1. I need a count of the residues in region 43-53 that are surrounded by fewer than 17 Cβ atoms within 10 Å (Cβ to Cβ) and within 21 Å of residue 110 (Cα to Cα).
2. Filter region 65-87 for residues that are under 20 Å from residue 42 (Cβ atoms) and open to solvent by less than 70 Å² (accessible area, probe 1.4 Å) and give the result.
3. Output the residues belonging to region 1-17 that are surrounded by 13 or more Cβ atoms within 10 Å (Cβ to Cβ) and outside any loop (DSSP other than H, G, I, E, B).
4. For residue 56, work out the one condition from (1) open to solvent by less than 30 Å² (accessible area, probe 1.4 Å); (2) in contact with a Gly (Cβ under 9 Å, 6 or more places away or on another chain) it doesn't fulfil.
5. Please find, within region 21-34, the residue that is nearest to residue 130 (Cα to Cα) out of those that are open to solvent by less than 30 Å² (accessible area, probe 1.4 Å) and part of a strand (DSSP E or B).
6. Being in a loop (DSSP other than H, G, I, E, B) and either of a type in the set (Asp, Glu) or modelled with pLDDT under 95 (or both) is the requirement here; does residue 37 meet it?
7. Just wondering, is there one or more residues in region 41-50 that are modelled with pLDDT under 95, in contact with a strand residue (DSSP E or B) (Cβ under 9 Å, 6 or more places away or on another chain) and in a loop (DSSP other than H, G, I, E, B)?
Amino acid sequence: MKIQIGSLSEGTHQYHFEVRPTDIELGEGFAGPVSVDATLEKTGKQFFLKARIQAAGSFICDRCTARFDLALRPEYRMFYVPDEEDAGGFDPSEVQVVPAGLPIIDLAEDVRQTVLLAVPLKLLCRPDCRGL
């Protein structure tokens, strides 16, 4: 899930990636491909990325211990700036400094973290599960 930014023209660019969960180290609970639709906007030396992710996992219900599938549809955004001075106006969790001359942006770690954070803390097979 790498985007070539070295010779990217100004404007908005669309990308689609599909990877196996093991390719981004999600673990055995995740099944099927992880799909990422990304929009990258280049303005000067800065980049703004919006990504929509689709993933599915197989989990065990915390109440009844039944196995169930859960579809995840998290989104994230990230600003890529050339130096620390440009990062000042953004939320620190949504900005990364990309050194000048770096030819690619790799989305794999951000996608992995976003999917893992989208998994609910309380795993329920259905909202009205009565348990054992």
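The values are calculated or read from the model by the stated rules, or taken from the named source; none is laboratory data. In this text, all values refer to a predicted model and were calculated from it rather than measured experimentally. Note that each Cβ is placed from the backbone with ideal geometry, even for glycine, and that neighbours are counted across all protein chains shown. Please note that ligands, DNA and RNA were not included when accessible areas were found on the heavy atoms of the full protein model with its side chains. Shrake-Rupley method; radii C 1.70, N 1.55, O 1.52, S 1.80 Å.
1. Taking region 43-53 and keeping what is surrounded by fewer than 17 Cβ atoms within 10 Å (Cβ to Cβ), we get 43-46, 50, 52.
Still in the running and within 21 Å of residue 110 (Cα to Cα): 45-46, 50, 52.
Of the residues in region 43-53, 4 are surrounded by fewer than 17 Cβ atoms within 10 Å (Cβ to Cβ) and within 21 Å of residue 110 (Cα to Cα).
2. Result: 76, 78, 79, 80, 81, 82, 83, 86, 87.
3. Just the residues of region 1-17 that are surrounded by 13 or more Cβ atoms within 10 Å (Cβ to Cβ), to begin with: 1, 3, 5, 8, 13, 15, 17.
Of everything in region 1-17, those that are surrounded by 13 or more Cβ atoms within 10 Å (Cβ to Cβ) and outside any loop (DSSP other than H, G, I, E, B) turn out to be 3, 13, 15, 17.
4. (1)
5. Our first condition is that a residue be open to solvent by less than 30 Å² (accessible area, probe 1.4 Å); within region 21-34, this holds for 21, 24, 26, 29-30, 34.
Adding the requirement that they be part of a strand (DSSP E or B) leaves 30, 34.
Details: 30: 25, 34: 31 Å.
This residue is 30.
6. On the way: in a loop (DSSP other than H, G, I, E, B): no; either of a type in the set (Asp, Glu) or modelled with pLDDT under 95 (or both): yes.
The answer is no for residue 37.
7. Yes - at least one qualifying residue is present in region 41-50.
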